[in-house]
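Just so it is clear, none of the values below were taken in a lab; they were calculated from the coordinates. Since the structure is predicted, the reported quantities are computational estimates derived from the model, not experimental observations.
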Amino acid sequence: MRMILCSVALLALGGCTATVPVAGETADGEKFTGTFSTPGDGRGGGALALSGDKGAVCDGRWQLDADRLGSIVVVCEDGRTGTAELSVRETPGTMRGMLGGKLFKGTFDDPTLAVGK
């Protein structure tokens, strides 16, 4: 019985996530697209998945605080890493930071609006 309850709880939690689109570009013109996975309430943080137009595959974590500011940490399969500051005080949300030693900037949809999608 306990196993069934745990399985049902996991299925219910799996249904409480959504994704929002993310797009970014490095200073040398490499373009990235992907998603932020969001928890059911759209707050807090979640997973990041990015793919570059030159074949890079990256993942990471993002987080937002109550002031609608936050950060991401990115790790790419080709060894590049990066961080960026996030803000959803504007529409679309913005990210600015570094990826692999190059300036990186981008936009993303507000994760708080993804609830119920």
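Structure summary
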item	result
The stretch 58-117 - Kirkwood radius from inverse mean 1/r over Cα pairs (Å)	12.0 Å
Taking the C-alpha atoms of the stretch 19-71, convex hull volume expressed per residue in Å³	73 Å³
Alpha-carbon Debye profile of the stretch 17-113, log10 I(q)/I(0) at 0.12, 0.16 Å⁻¹	-0.31, -0.56
Placed amide H near ALA18: partners under 5 Å, 5+ positions off or other chain	THR38
Net lengthening on full extension, LEU69/ALA49 (0.36 nm per residue, minus Cα-Cα)	5.3 nm
